[in-house]
Amino acid sequence: MQLTDLSFEQRLVSKLPGEAETAPRPRQVLGACYSRVLPTPVAAPTLLAWSEDCAALLGLSEVGDSGRVAEVLAGNRLLPGMAPFAACYGGHQFGNWAGQLGDGRAITLGESLGPDGVRYELQLKGAGLTPYSRSADGRAVLRSSVREFLCSEAMHHLGVPTTRALSLVTTGEPVLRDMFYDGNAAPEPGAVVCRVAPSFLRFGNLELPAARGDQELLVRLADFVQQSLFPETAGSGADAHRVWFGEVCRRTAVMVAHWMRVGFVHGVMNTDNMSLLGLTIDYGPYGWLEGFEPDWTPNTTDLPGRRYCYGNQPGVALWNLARLGQALGAVGVTDDDVQAGLEEYRRTYESTFGSMLADKLGLVTIDDESELIDGLFSLLQQVETDMTLFFRRLAQVPMDHDLTSSALHPLLPAYYSDNLPDAELLAWLERYRSRLQDQGVDEAQRRARMNAANPKYVLRNYLAQQAIDAATAGDAGPVNRLLAVLRQPYAEQPEHEDLAARRPEWARHKAGCSMLSCSS
Ligand code: AMP
Ligand code: MG
């Protein structure tokens, strides 16, 4: 089956109120969950990359005519049954209520039933102006589109709940961006990513009618969320909203635990960027921990308070869930229900991350190992240590032999300086070894568990930037190579060893290679 054979429907549009006006004029949209708006056609759509794995979700076995496919996935041509819309939502940004935000450059084309029985929304990011574009242009640059496309798919293969990406299309149109916010805007190539998920609804979709006191809209939307996203709560009667809120809390905890496991930092955990399905959503100025620094944030806008740094993510998710819970007050979710949901979050986060940490170390349990874990985290921060390489290569340190300096050899590539904390490292490894012995873990078992929990390949910012530079010069090869390698992040791929290397020094301060601005 090909893209043009898909049939589309739109549950959200058929069940929830939208507004009558279809022009993309900026405005406050009241009493409606979305606006019907068409993508704005682009000059020269060209298909740069396509995810076969995401296509398979939709039952697509081949790309087909890439010219036609590019037209559809740039928004130039609609397929029968598509009913495009932009969603209306608000959100708390950096801790403050920001009012109406909405899909300012994302347009959902329609929903298609996959062979797995799941309905998937196809949404174009960068498809042109909507009523929610405010003073911006509704477009996305190639740079941020490559990053969203690759990271969505990489996260899926890492086992992290996420929205998916089907395609990356260049538009043939320039987009003006002030990348460094220094008054020097410059044209960059534009692109459109087609994102795929069972729903793109966010905490902010419910927060907005709640903040406006639009009880009727809130009830309709909450009922829709319950029925279409959490059908398993159907038998819960009057308790249904409380039950699905608890499920959002649980799923969010699992998602954030995965972020912490793989060293992913979202960078903009505003409540408009939090999925009701517990999926990682809205890849912007995200990053991957290289040196293990809990207060590292990839987002230059976040530098003053580091609200969204790696170590704050579990707490920020909890704060965001509290905002969602508050918004549900008007549909019968009480303060006690909210507290119970937040408790569910804490419990789930602790147990999920705890068992992930045990897997990362190849231990059966870390329940009574707080000293070992604290020691590890302080060791990782003592000198600049690459998180991904350290955990992956720890599996190669022989724990069934006497620990001498040569035992540290596998860990050398994880260190950004020549001054290894040898003595502390050996002392920690001794403790680790005795815990392994106490728990009866043998070497083969340990390595297998660790290699399934500690990825070898992650989308380091400098790797994404190299692929962006090539794509900008018209070469999609590096994007497609990363897409292929990141499909098996836990496998040894000897011919791609270069993609598992620690960040080179030239990338430490280069734009796009360490920190990012929001100018996407
Ligand atoms: P973000 O922080 O990227 O999730 O975006 C916050 C809000 O700004 C959302 O309402 C986006 O739709 C909107 N937005 C971001 N970039 C653009 C753009 N280039 N054109 C229109 N709206 C945008
Ligand atoms: Mg967003």
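Each peptide among 320-332, 414-426, 163-175 gets the average number of other Cβ atoms lying within 10 Å of its residues, and from highest to lowest they stand as 163-175, 320-332, 414-426.
Cα gyration tensor of the range 424-468, axes a ≥ b ≥ c as square roots of the eigenvalues: rounded (a/c below 1.5), prolate (a/b > b/c) or oblate? Oblate. Ligands, DNA and RNA excluded, the heavy atoms of residue 319 present near 80 Å² of accessible surface to a 1.4 Å solvent probe. Protection proxy ranking of 178-190, 300-312, by the mean of other Cβ atoms within 10 Å over each peptide's residues and highest first, is 300-312, 178-190. The fraction of accessible area contributed by carbon and sulfur in the range 38-97 is 50 percent, rounded to a whole number (1.4 Å probe; ligands and nucleic acids excluded).
Classify the range 3-199 as rounded, prolate or oblate, taking a ≥ b ≥ c as the square roots of the eigenvalues of its Cα gyration tensor: rounded when a/c is under 1.5, otherwise prolate if a/b is larger than b/c and oblate if not. Since a/c stays below 1.5, the shape of the range 3-199 is classed as rounded.
Highest mean first, the peptides 453-461, 469-477 sorted by other C-beta atoms within 10 Å per residue fall in the order 453-461, 469-477.
Taken per residue, the accessible surface of the range 3-199 reaches 36 Å², heavy atoms only and a 1.4 Å probe.
Using the Cβ-Cβ distance between residue 94 and residue 227 with R0 set to 51 Å, the FRET efficiency works out to roughly 0.95.
Listed by chain and number, the lysines placed with their C-alpha closer than 26 angstrom to that of residue 15 are 125; residues fewer than eight positions away on the same chain are left out. Which shape class applies to the range 273-381: rounded if a/c is under 1.5, otherwise prolate when a/b exceeds b/c and oblate if not, where a ≥ b ≥ c are the square roots of the Cα gyration tensor eigenvalues? Judged from the Cα gyration tensor, the range 273-381 comes out oblate (a/c at least 1.5, b/c at or above a/b). A Förster radius of 22 Å, combined with the Cβ-Cβ distance separating residue 378 from residue 416, puts the computed FRET efficiency at roughly 0.80. Averaged per residue, the range 328-480 has 44 square angstrom of accessible surface, using a 1.4 angstrom probe with ligands and nucleic acids left out. Per-residue extension of 0.36 nm, minus the Cα-Cα distance of residue 501 and residue 236, leaves a gain of 90.3 nm for this segment. Counting heavy atoms of the protein chains alone, residue 508 has an accessible area of about 60 Å² for a 1.4 Å probe.
Quick one: length gained pulling residue 336 to residue 119 fully straight, 0.36 nm per residue minus the C-alpha distance?
74.8 nm
Across the range 78-102, the residues whose backbone nitrogen lies under 20 Å from the label position 7 Å along the beta-carbon direction of residue 134 are 86-102.
The values are calculated or read from the model by the stated rules, or taken from the named source; none is laboratory data. Bear in mind the structure is a predicted one, so any value in this text is a computation, not a measurement. Neighbour counts run over all protein chains shown; Cβ positions are idealised from the backbone, glycine included. Quick note on the areas: whole protein, heavy atoms, side chains included, nothing else; ligands and nucleic acids left out. Shrake-Rupley method; radii C 1.70, N 1.55, O 1.52, S 1.80 Å.
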